[in-house]
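The values are calculated or read from the model by the stated rules, or taken from the named source; none is laboratory data. Just so we're clear, the structure is a prediction, and the values are computed from it rather than from any experiment. No Cβ is skipped: glycine too gets one built from the backbone with ideal geometry, and neighbour counts run over all protein chains shown.
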Amino acid sequence: MARLDLPLGIVLAGGEGKRLMPLTADRAKPAVPFGGSYRLVDFVLSNLVNAGFLRIAVLTQYKSHSLDRHITTTWRMSNLLGNYITPVPAQQRLGPRWYTGSAMQSCRISTSSMMRIQKPVS
């Protein structure tokens, strides 16, 4: 049975987080540490996994290196069952303000290219 009927969870995690300065000087708001080894994005991912979303794309945008690293090393799902949590980087644009724009605009661009490459797991 193909697993395309399972929902795909999408997390928009690209905030600059100006109100959290200086915590966001070197990282995106979702990557800010909380309670030791946790990050703010962990609350959202935990809720999605506990709700049954086992295929999750985290759309990153602003200063996403530490967030990408945290997701890939901390959130490992069973590849045998087709489950995953993966960071999807923003499309790089030229200029110092390449990350500007709405989150929904980035979501449309990233998910349309991601859906083309996604194949059903038997």
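A few notes on this one:
- If you filter the stretch 59-68 down to residues that are under 12 Å from VAL41 (Cβ atoms) and in a helix (DSSP H, G or I), you find that the one that is farthest from the chain's Cα centre (by Cα) is SER66.
- Being closer than 16 Å to ILE85 by Cβ and at pLDDT below 85 is a condition met by at least one residue of the stretch 31-46.
- The residue that is surrounded by the fewest Cβ atoms within 10 Å (Cβ to Cβ), among those in the stretch 9-58 that are assigned to a helix (DSSP H, G or I) and small (Gly, Ala, Ser), is SER46.
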